[in-house]
Amino acid sequence: MKLDVAYWIFNYMPHWEAASKEAQTLLHALNGKFRSQLFSLNQSYRIALRGQEKYLPLPAALPALPLLDQLARRHRINHLFSSAGERLLMPFVSKRDSLITICKEAISVDAFERNRHHLARFRFVVVESERHQEILQQCGIEERRIRLIYPPATVTPYRAAQPPFKVLFASSPTRRGKLLSRGLFLILSAAERLRDVRFILVWRKRDHDALRDLIERHRVDNISVINHYVDDMGILYDSAHVTILPGLDHASFKPAPQSALDSLGHGKPVLVTPTTSIANLVAQRGCGIVFEPTVSGFENAVREAMVRYDELQRRCHAVVQACFSREAFVRGYELLYEDLLQGAPVKCAPRSSRARGTPTLG
């Protein structure tokens, strides 16, 4: 007897990584309605074949592709979480009733074109930004197959941060050599000018030595680095005044970056560059400031946030409730699974329901 849903993801780490948290949320929230399993292909050699969450070593994935294909056949629905450029799982997952959530940025937008023939075979392609929605439409993916479902965030009571003014960066790179694109050089240069502001960087150990060398080179003493897993990030969001996402290009952060959503959920405004996928939402909803990725642009954004803080802060929770609710996230996927299990023809969602609470994003 076939199980209902198989989730497929790379490097499943829900305690660290945002896409993993999304998969885990669906796995647990819909567990009573759908029989499901999760398969993670990890870069380590960890193997775990018992329980609902299964781990397979990525180094052995290529010779094991026939086995993975058999596992996919045992499920009515296969749900892949990846970027648009994924090449290992997408070819066989897309051959059957399946959907993909494009929850990560590809290195280049050309990845959409390279994988277009695979993307076109999915019954549903779920995106987390209107930019990806537009790219898919330009590539010729049928509009009726594209769904926009934002990842979830939770509203928690607002707790005022104590002076001095504190800026939190909670999106450290998962791969080496991405300090520039994630705006770390920008933060350090701005910190030299903003001596009365405290910067808190949450790190994941990778490239930590390179970061420490940069801090010493800039001779700044208003930067604190937390270089370990933080069990309760809520404490840090509560202690900060704003959260920063200073990416230099579209691939700097995932669509709808989780640190921005969590910050808004704690009632803390966000400072983002125009290439961040929620930049237009931040500007339209007034829950933060959009700034050009220059040192002067960064400095001006922090100073403006200090002056307009009360105005920006009181709008944060409303944005989460309107656009990033957990209930809307779970219900959106539940409806897609029901369509797939019933074998119903793919219908285009009414334009009003797709757009409700979702202003244009960059």
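7 Å from Cα along Cα→Cβ at both GLN342 and ARG74: what's the point-to-point distance in nm?
2.9
P(r) for the stretch 197-285: what percent of alpha-carbon pairs falls in each 10 Å bin, starting at zero?
15, 43, 37, 5
Residues of the stretch 82-119 with amide nitrogen under 14 Å from the 7 Å Cα-to-Cβ point of LEU62?
Residues passing the 14 Å test: 87-89.
If amide H atoms are built 1.01 Å from N in the plane of the peptide, which residues on other chains or at least 5 residues away come under 5 Å of the amide H of LEU271?
THR243, ILE244, LEU245, ILE289
Would you mind calculating the gained length between ARG326 and PHE185 on full extension (0.36 nm times residue separation, minus the Cα-Cα distance), in nm to one decimal?
Full extension from ARG326 to PHE185 adds 47.3 nm.
Would you list, by chain and number, the aspartates and glutamates whose Cα falls below 14 Å from the Cα of LYS166, excluding same-chain residues fewer than 8 positions away?
ASP196, ASP221, ASP238, GLU299, GLU304
Taking just the C-alpha trace of the stretch 166-321, give me its Rg and Dmax in Å.
Taking only Cα atoms of the stretch 166-321, I get Rg and Dmax of 14.2, 42 Å.
Can you list which of the GluC sites (Glu not before Pro) found in the stretch 112-216 are DSSP loop residues with at most 14 other C-beta atoms within 10 Å?
Hits after loop and neighbour filter: GLU142.
Compute the angle between helix 208-218 and the longest alpha-carbon principal axis of the chain, please, reported from 0 to 90 degrees and rounded to the nearest 10.
The helix 208-218 is inclined about 30 degrees to the chain.
Using Cα pairs closer than 8 Å and at least 6 residues apart in sequence, work out the relative contact order for the stretch 166-321, in percent.
Normalised by residue count, the contact order of the stretch 166-321 is 24 percent.
Can you list the aspartates and glutamates whose alpha carbon sits under 20 Å from that of LYS33, skipping same-chain ones fewer than 8 residues off?
Hits, sequence-local ones excluded: ASP4, GLU22, GLU53, ASP97, GLU327, GLU334, GLU338, ASP339.
Counting each pair of different Cα atoms once, what's the Kirkwood radius of the stretch 113-156 in Å, rounded to one decimal?
11.2
Based on the Cβ-Cβ distance of GLN284 and ASN11, what FRET efficiency does E = 1/(1 + (r/R0)^6) give at R0 = 41 Å, to the nearest 0.05?
The pair GLN284/ASN11 has a calculated efficiency of 0.75.
If we count every other residue with Cβ under 11 angstrom of PRO293's Cβ, Lys/Arg +1 and Asp/Glu -1, where does the sum land?
Summing Lys and Arg as +1 and Asp and Glu as -1 gives -1.
Once you put a point 7 Å from the Cα of ASP196 and another 7 Å from the Cα of GLN137, both along the Cβ direction, what distance in nm separates them?
Each label point lies 7 Å from its Cα, and together they span 4.6 nm.
Over the Cα atoms of the stretch 56-201, Rg to Rh with Kirkwood Rh, two decimal places?
Rounded to two decimals, Rg/Rh equals 1.09.
Rounded to whole Å and sorted largest first, list the principal axis extents of the Cα atoms in the stretch 1-105.
34, 31, 28
Sort ILE107, ILE226 by Cβ crowding within 10 Å, fewest neighbours at the top.
ILE107, ILE226
Please compute the alpha carbon radius of gyration of the chain, then divide it by the globular-protein estimate 2.2 N^0.38 Å. Two decimals is fine.
So the chain has a normalised radius of gyration of 1.00.
We did not get these values from a lab; they are worked out from the coordinates using the rules stated. Predicted model, so just to flag it, every value in this text is computed and none were measured. Cβ atoms come from the backbone with ideal geometry, glycine included; neighbour counts cover every protein chain shown.
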